Structure formats: structure tokens, C-alpha cells
Amino acid sequence: MLTFITRKKILDRFMLAVFFTAGFITIFITVGIVYVLLADSIKFFQEVSIKEFLTEKEWTPVFATKKFGIWPLISGTFLIAAIAMVVSIPLGILIAIYLSEYASVRVKEIAKPIIEFMEAIPTVVYGYFTLLFVTPILQSIVPDLEAFNSLAPGIVLGFMILPYTASMAEDSMKGVPQRIREASYALGATKLRTAVTIVIPAAISGIVAGFILGASRAIGETMVVAIAAGMYPNLTLDPREPIQTMTGYIVQVALGDLPYGSIEYLSIFAVGLALFIIAFIFNSIALWLRSRIREAY
Amino acid sequence: MNKKDKISDSKADIIYPIFGFIGFFLVISFLVTLIIDILIDGYEKLVDPSFYVSYPSRFPEKAGILSGWVGTTLVMAGAIFWSLLIGIPAGIYLEEYATKRGIIGKIEHIIELNINNLAAVPAIIYGLLALGIFVYRFQLGESILTAGLTLAILMLPVIVVNTREAIRRIPRDIREGAYAVGATKWDTVRDHILPYSLGGILTGLIIAASRAIGETAPLVTIGALTFIAFLPPSPFVSEFPFLSPEKAWELFMSPFTVLPIQIFNWVSRPQAAFQINAAAAGFVLLILTVLMNALAYYFRQKVRRKYIW
């Protein structure tokens, strides 16, 4: 016969085990991702050499002569991300300085949730808006802009990642101790001068970490580019032409009926692996930069 | 600093806020334009009641979102169930039980790093994970169950982080008080930690769900269908015990579509008439996201006011 206390202790141990198991399971998600991407990529690379994958300049998996050179997809991905950053960084910094150094508490309380909401909008809705509103408007300004292009999705993604470029920048600027600002004001500097020469340099690792996370988000974004950028693997830096991104290719193949184990099926895992590695590098840099913030003060 | 510099400097402090506000105003105009654009485009269908109770169709004027919203509801129910099942205990473990010593401490550190990293993995990679593991290796098929599990993995990091933040706000005295009267750790968690952190956990759940409900890419990857002209079987039967396990399994394993997939399909079609449907369904989805985010915001404010330690 177990005493009340013993039973309680056993239950306590049991719950500890339950909680630990739940935590441990989360590791299997990453293990699963790495396993799936590697296992099916290895099968892919038995049929397509890694050399072809990395040196060939054409990506034509659906043509009679299949060529698997990933560069068109990578260039498309980075072109869109670069356009997004060109829009997002100046706008983000402009808003971040305004919110952290000038805006009243009330304005901030309204502005922050609105900016964060930019990322909550379903990306398929952004895709619709890009294809049927932004592109037609841009076509009346930019000559020779095709119906599918990388300019419009890039601009829309620039707005979508503002939670990283504006909101996170504002967070790190807010983290700079007030006494440093006071010292600058005491020397006669204005708010703007203080923001540009004191606050931003002090908060720079957090700000840049936000930019990198934003870029990583733009690289991994799928629906906007699948809808509005076209499905045409194109090694170009011209933002007016249709292109295809890594994510766009995965969607295109997944939409078709792909037999398990076919070369097309396997190719999306190889592309996924490349995307995962790129995202991982970006996130590691961002994490490293953010860990430096804590050392500063 | 010479005099001229000073003058231009003080002017800058008057001019900058104007530009800053214009920047912020640009963001608001972008948002408002987006909302108004899809509202106008989809208005015709939004006010048509049959749009909400019709199946997709080859004829744009007959097509509706019935199988879309039923699918979204079922998939989200699964996603919420699975993500809470793992997310809350994992969050409690990391905040309340973690010893941070020895080999266990190393594992805890890995779990923590891992959850932070998962939050930054592109959503479509989770789709590939689900395709490779759930669909082919576990043979769960392109089913409601697979979709729920996939979205649960996407929601998990948000739930864990919010659970941890909610627990961290509970002051140490509460725990010490419980231990002092002989409560075990589990007693403390059950009677104090969980009830006090529930508001914060709920906020996290709503935010995570609002992201998952619009998620399209991972579900495209696992093979959500775009044309579903039937509903999954109901698990309820007329005889006792009114719930048939076989029927329920059939429900979990049935093919599905969800609202975002339906929108994607309609946008991709060349006929302009389908784009009206896409806009209308997009507006419905957008309103759902707005409502969920507003709810989360409201809960957050309420929780902050309820427990002031």
C-alpha cells in the first residue's frame, strides 16, 4: 500500500518524464528535416552529378533534355530578396528612428501592432495583390515590364518584412540606455544627430540582425513569388523579366502529379536542401549578431 | 560644430518627424490599399450567400468556398490539438524543470537552440518534411491528419516561446509558497503555474493559429487538392455511442482543400471571373486573420491587467 506522499512523488517523477519527452520530441523535427532532405537529395545526386547541379547554367527539368543547374533558381531567389531589401531597409530605418526617438507613446502603441500585422497577412493574399494590383500599376510606370516579373513581388516582400527591418530595429534602438542619449543631448546634439551618430551605432548588431532575418524571410517566402514572379527559370538580373525562385520551383513541381521517387520528385528535395542551408546560414549570422547585443552594456 | 551646422541640425529635428510619419503613413496606405482592393474585387461574391455554401466548380459564377472553409476548420482543429499537446509541456519543461546541469543540461540547451532555429526555417521546408515523412514514409497520405500535423509543427515554436514568456512572468514567491506547504513540483505547475500562465499561452496560440490559417506553401507541397466537390465523412452516427471510430479515421484520412489553396488555384487561372472568387475568398481569410490578431491583442492587454504581481 503506497502512502499518499509516495504516490505524489511517483506522479511528480512521471510528469517530469512527460514534460521532458515533449521537449525532446521537438529535436526530432530538425532531425526529420535533415534526414528527409539528405536522404532524397542523395538519391537525386546519384542521377545528377553535384558538379552539374552547381555549374550548369540551365534548369530545365520538364524539357526532353533535362538540365539541372541550380543557378537560375538561386539568382531568381536572391534578385527578389535584394529588391525587397532595397525597399525595406531605407523605409525600415526611417520608421524605426521615428518611432524610437520622436514618436509619442500613443503613436507607438498604434504603429507597432500595425507594422507587425504586415507579416500576419496570408501570403496568398499578398500574391493576389501583387499580380493584379501592383504589377498593372508598375506596368504603367516601368516600360517593358512583363506580367510576371521580379520587381512587383520584390517591392511587396519589402513591405511584408517590415516587422524585421522596422520593428526589430526599433526594438534594438529602444534597448540603448537612455543615459547615453542624455549625454549626447547635453553636448548640444539634436535628436537626429544623436540617433544617427550614437543610437544606431550602439544598436547596430541588433538592427543588422533584423535585416538578415528579413532577408532570410524573403528568401524563404513562397506564395507571392509563385503567383506573381512567373514559373520561368531565368538566369537574369533584369527585374522586368519573369523568373523562378527555389520556393517557386518546389510549388510548381508539387502542383503536378509527381510519382514517388521520380527525378522531378527528388529534385525538389535537392532544391529544398540548398534553401535550408542558405536559410540556416542567414539565421546563424543573425543569432550571432543578436548575442553580441547582450555583451555591449 | 560651427554655427551653420547647428542651424541645419535643429531644422532636422523639425523636418525628420515629418518624413518619419510619411514613412509610417506609406505602410498604412499600403495596407489600406490592399484591403480595399480585394474588397472591391471580391464584393460581388462576398454578398452572394451561395458563395459560402457551394463547392468549387468549373464555372466561376457557381464556384464557392464550402469545401475550403470546412477543410480549413478541420485542419486547424488538428493543428491546434497537436501543437498544444507538444508545445505547452515543452515550454513548461524548459521554464520550470530545466536543471541546466550535466548531460541533461546539454540536451536542454539543444532543445532550446533547436526551437529558436525552427522558428526561422522557411515554411515550405516543413512541407517537404511532411511530404517525405508523413505522406510517404508513414503512409498517412495527402490527408487532413497530415495537414494538421504539418501546420502543428509550424505553430510549435510560437506556442513554446509564448508559454515560456507567460511562465517567466510568474514571480518566484508563488512557487516558494507552494513548496513551503508541501506541494510537489507537479502540484505547483497544475495549481499555480498553468492557471496563471493560461492567458499568455492562449495569446500565443491565437497568434500561431492566425499565421497557420493563411499558410499555403507547405500544404501545396504535401498535395492538398484544389478541386474537392464533397465534404469529409461525419464521424457521428445515429446509434450508441454516436461516434464511430472507423468513420472518424476515414475523416482524418480524407483528402482536403483549404481556403488559401482554393485562392491560389483561382488566382492562377486565366479567366478574370475566377479572380473575383479569389478576391472574395482572400477577403474572408484576411478578415479571419484580422479578428484573430485583434483577439490576441485584447487578451494580451487583459492578462497584463489581471495579474500585476
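Data for the structure
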item	result
Label point at B:Leu225 placed 7 Å out along Cα→Cβ; residues across the stretch B:136-150 whose backbone nitrogen lies under 20 Å	B:136, B:139-150
Global geometry of chain B, whether rounded, prolate or oblate, following the gyration tensor of its Cα atoms and the 1.5 cut on a/c	oblate
Calculated FRET efficiency for the pair A:Thr65/B:Ala248, C-beta based, R₀ 41 Å, to 0.05	0.25
Rounded FRET efficiency, nearest 0.05, which uses the C-beta distance separating B:Ile18 from A:Ala17 and R0 of 60 Å	0.50
Relative contact order (percent, whole number), chain A, Cα cutoff 8 Å, 6+ residue spacing	25
At R0 = 22 Å, FRET efficiency that the Cβ-Cβ distance of B:Ala272 and B:Leu26 yields, to 0.05	0.15
Segment B:Arg305-B:Ile174, extension gain: residue separation times 0.36 nm, minus the distance between their alpha carbons	45.4 nm
Residues listed by number, the stretch B:9-32, amide nitrogen under 14 Å from A:Val107 label point at 7 Å toward C-beta	B:13-28
Difference of contour (0.36 nm per residue) and Cα-Cα distance, A:Leu54 to A:Tyr35	4.7 nm
DSSP H segments from chain B that extend 15 Å or more along their own axis, Cα-based, with Kyte-Doolittle mean of -1.0 or above	B:3-46, B:66-92, B:102-118, B:144-168, B:194-213, B:272-306
Linear extension gain, B:Tyr297 paired with B:Phe81, 0.36 nm per residue minus alpha-carbon span	75.6 nm
Kyte-Doolittle mean at least 0.0 and Cα axial length at least 15 Å: DSSP H helices in chain A	A:4-47, A:71-97, A:105-117, A:200-220, A:263-296
Per-peptide average of other Cβ atoms within 10 Å, ordering B:172-180, B:128-136 highest first	B:128-136, B:172-180
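Read-outs: derived from the displayed coordinates by stated rules, not from any lab. Quick caveat: nothing in here was measured; it's all calculated off a predicted structure. All Cβ positions, even for glycine, are placed from backbone atoms using ideal geometry, and neighbour counts span all protein chains on display.
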